[in-house]
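J.: If you scroll down you'll find the structure; I have some questions about it.
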Amino acid sequence: MSSPAPAVPDTHPPVANRRGSYWKRNQIALTPWLFLAPAVFMFALYVIWPIAQSFNLSLYRWDGLGEARFIGLQNYEELWYDDAFYTSLWNNVLWLVLYLLAIPAGLFIAIFLNQNVRGIRIYKSLFFFPFVISQVVVGLVFTWFYDPSFGLLNIVLGWFGLGPVAILADSNLATYGIIAAGLWPQTAYCMILYLTGLNAVDPEQIEAARLDGAKGWRMLWYVILPQLRPATFIAFVVTIIGALRSFDLVSIMTDGGPFGSTRVLAFYMFEVALSEYGFRMGYGAAIAVVLFLIMLVYITFFLVKMYRDERAG
C-alpha cells in the first residue's frame, strides 16, 4: 500500500501580510503624499475647481438668477470688439511695467537698511509701515494727497509757482497717479523680501570678492544678486500678480473714472458682472479667463527661467 503524498506547503502569505509588506516596502514613497493629500484636496477644491467653473461659465449668457444659456465663444467675440476691454488691458500693461519698479526700489532700500547702526530698526519700521496698512487706507491717503484744493502735492507745487493739478480728474494722469499709490506698499513688501535674502548672503563670498578688488556695482551684480535669486523670483511673481489683479486702489481712488480711463481688467470684470452693466456673469467670466491666462503666461515664463538658471548653476 503506497504512502500518502507529502503536503505541498502554501507559499502565498495571507492577504493581510501581503498588504502589510506593500506598505512597508513603499512607506517612504507614500508618506509624503499622505501629508500632501489634504493640501492638494483643498487646493483643487478652492483653486482648480473655481478656475474650471470660470472657463465653463464664460461659455454661457447668465444674469446670476435665471437660466444660463449656452452661447459658445460669443462672449470672447464680443471682447474682441469691446473698446472698454482694450482700455482695461492697456492699463494693466501700464500697471505691469511700472509696478516692476518696486523691485529695484525695494532692493536698494533693503541694502541701505541692511547695516548695524543705532536706530536702524526705527527706519525699518517706517519703511515697512505702508505694507501693513490696508489698500483702502492707502487709496484714501493718496486721494487726499492729490486733492487740488488742500492736497500736499499741490501745496508743494505752489511753492514753485506751479498751478494746482487735479491728477485723479485728468484721464491722462489718473492711471499713473494710482500706480504711484500702489508702488508705495509694494516697494515695502519687496524691501522685506530682500532684507530676508540679504541675511542669507554668504559673508565668505563677500570677503573673497573684496580681496579680488570687487566693490560697488560689480560686487552687487556678480556676488550679491546671484545669491538673491529666490527673493527676486518671489518679488517678481508677487509684483506681477499684484499688478494684474489691481482692483482696490482703482475702486477707492477713481471708481474707474474719469470716463472709464482708469479701468483695469479686474475692475472691468466686476463692473460687467456685478454692477451697472446688468449682471453679465458670463461676460465677466470671459474677462476673468483672459486675466488668468495673462497671469499664467508670465508666471510660467519666470518659473521656466528660474528652473533653467538653477540647472545651469
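The values are calculated or read from the model by the stated rules, or taken from the named source; none is laboratory data. All values reported here derive from a predicted model rather than from experimental measurement. Every residue, glycine as well, gets a Cβ built from its backbone with ideal geometry; the counts of neighbours run over all protein chains shown.
J.: Could you tell me how many of the residues in region 56-102 are of a type in the set (D, E, K, R), out of contact with any strand residue (DSSP E or B) (no Cβ under 6 Å at 6 or more places or on another chain) and not in a helix (DSSP H, G or I)? Steps first, answer last, please.
T.: Applying the first criterion (of a type in the set (D, E, K, R)) to region 56-102 yields 61, 63, 67, 69, 77-78, 82-83.
If we keep only those that are out of contact with any strand residue (DSSP E or B) (no Cβ under 6 Å at 6 or more places or on another chain) as well, we get 63, 67, 77-78, 82-83.
Narrowing further to those that are not in a helix (DSSP H, G or I): 63, 67, 82.
Selection size over region 56-102: 3.
J.: Follow-up question, since we're still on this one. Just wondering, is there one or more residues in region 154-172 that are within 23 Å of the chain's Cα centre (by Cα), in a helix (DSSP H, G or I) and more than 17 Å from residue 238 (Cα to Cα)?
T.: Keep residues of region 154-172 that are within 23 Å of the chain's Cα centre (by Cα), which gives none.
Checking region 154-172: not a single residue is within 23 Å of the chain's Cα centre (by Cα), in a helix (DSSP H, G or I) and more than 17 Å from residue 238 (Cα to Cα).
J.: Considering only region 208-225, state which residues are part of a loop (DSSP other than H, G, I, E, B) and surrounded by fewer than 16 Cβ atoms within 10 Å (Cβ to Cβ).
T.: Of region 208-225, the ones part of a loop (DSSP other than H, G, I, E, B) are 212-215.
Scanning region 208-225 gives 212, 213, 215.
J.: If you don't mind, there's one more thing I want to ask. Determine whether region 178-186 contains at least one residue that is farther than 30 Å from residue 135 by Cα, in a helix (DSSP H, G or I) and touching a helix residue (DSSP H, G or I) at 6+ places or on another chain (Cβ under 7 Å). Lay out the reasoning, then the answer.
T.: Just the residues of region 178-186 that are farther than 30 Å from residue 135 by Cα, to begin with: none.
No, every residue in region 178-186 fails to be farther than 30 Å from residue 135 by Cα, in a helix (DSSP H, G or I) and touching a helix residue (DSSP H, G or I) at 6+ places or on another chain (Cβ under 7 Å).
J.: Which of the residues spanning region 260-295 are aromatic (Phe, Trp, Tyr) and assigned to a helix (DSSP H, G or I)? Reasoning before the result, please.
T.: Applying the first criterion (aromatic (Phe, Trp, Tyr)) to region 260-295 yields 267-268, 270, 277, 279, 283, 292.
267, 268, 270, 283, 292, listed by residue number.
J.: Limited to region 226-251, what total is found for residues that are in a helix (DSSP H, G or I) and surrounded by 15 or more Cβ atoms within 10 Å (Cβ to Cβ)? Please lay out each step first, then the result.
T.: In the first step, residues of region 226-251 are kept if they are in a helix (DSSP H, G or I); the result is 226-227, 229-244, 248-251.
Checking the rest, the ones that are also surrounded by 15 or more Cβ atoms within 10 Å (Cβ to Cβ) come to 227, 231-240, 242-244, 248-251.
Total meeting the criteria: 18.
J.: Considering only residues that are of a type outside the set (A, V, I, L, M, F, W, C) and assigned to a loop (DSSP other than H, G, I, E, B), which ones fall in region 187-207? Walk me through it before giving the result.
T.: Step one: filter region 187-207 for residues of a type outside the set (A, V, I, L, M, F, W, C), giving 187, 189, 194, 196-197, 199, 202-205, 207.
Selection gives 199, 202.
J.: Yes or no: residue 300 without any contact (Cβ under 8 Å) to a residue 40 or more places away in the chain and either surrounded by fewer than 18 Cβ atoms within 10 Å (Cβ to Cβ) or under 26 Å from residue 133 (Cβ atoms) (or both)?
T.: Details: without any contact (Cβ under 8 Å) to a residue 40 or more places away in the chain: yes; either surrounded by fewer than 18 Cβ atoms within 10 Å (Cβ to Cβ) or under 26 Å from residue 133 (Cβ atoms) (or both): yes.
Against the criterion (without any contact (Cβ under 8 Å) to a residue 40 or more places away in the chain and either surrounded by fewer than 18 Cβ atoms within 10 Å (Cβ to Cβ) or under 26 Å from residue 133 (Cβ atoms) (or both)), residue 300 qualifies.
J.: For the condition at pLDDT below 90, surrounded by 10 or more Cβ atoms within 10 Å (Cβ to Cβ) and under 30 Å from residue 284 (Cβ atoms), what is the one hit in 52, 68, 44? Steps first, please.
T.: On the way: 52 fails: at pLDDT below 90; 44 fails: at pLDDT below 90.
Just one listed residue meets the conditions, 68.
J.: Of the residues that sit in region 274-285 and are surrounded by fewer than 23 Cβ atoms within 10 Å (Cβ to Cβ) and closer than 22 Å to residue 178 by Cβ, which one is modelled with the highest pLDDT?
T.: Once the filter is applied, the top-ranked residue is 274.
J.: For region 234-282, how many residues meet the condition of being β-branched (Val, Ile, Thr), in contact (Cβ under 8 Å) with a residue 60 or more places away in the chain and over 21 Å from residue 134 (Cα atoms)?
T.: Restricting attention to region 234-282, the residues satisfying the condition of being β-branched (Val, Ile, Thr) are 234, 237-241, 250, 252, 254, 262, 264, 272.
Those left that are additionally in contact (Cβ under 8 Å) with a residue 60 or more places away in the chain: 237, 239-240, 250, 252, 254, 262, 264.
Keeping just the survivors that are over 21 Å from residue 134 (Cα atoms) gives none.
Matching residues across region 234-282 total 0.
J.: Let me spell it out: the conditions are (1) closer than 17 Å to residue 290 by Cβ; (2) of a type in the set (A, V, I, L, M); (3) free of Cβ contacts under 8 Å to residues at least 40 places away in the same chain, and residue 30 meets all of them except one. Which number is the exception?
T.: Single failed check for residue 30: (1).
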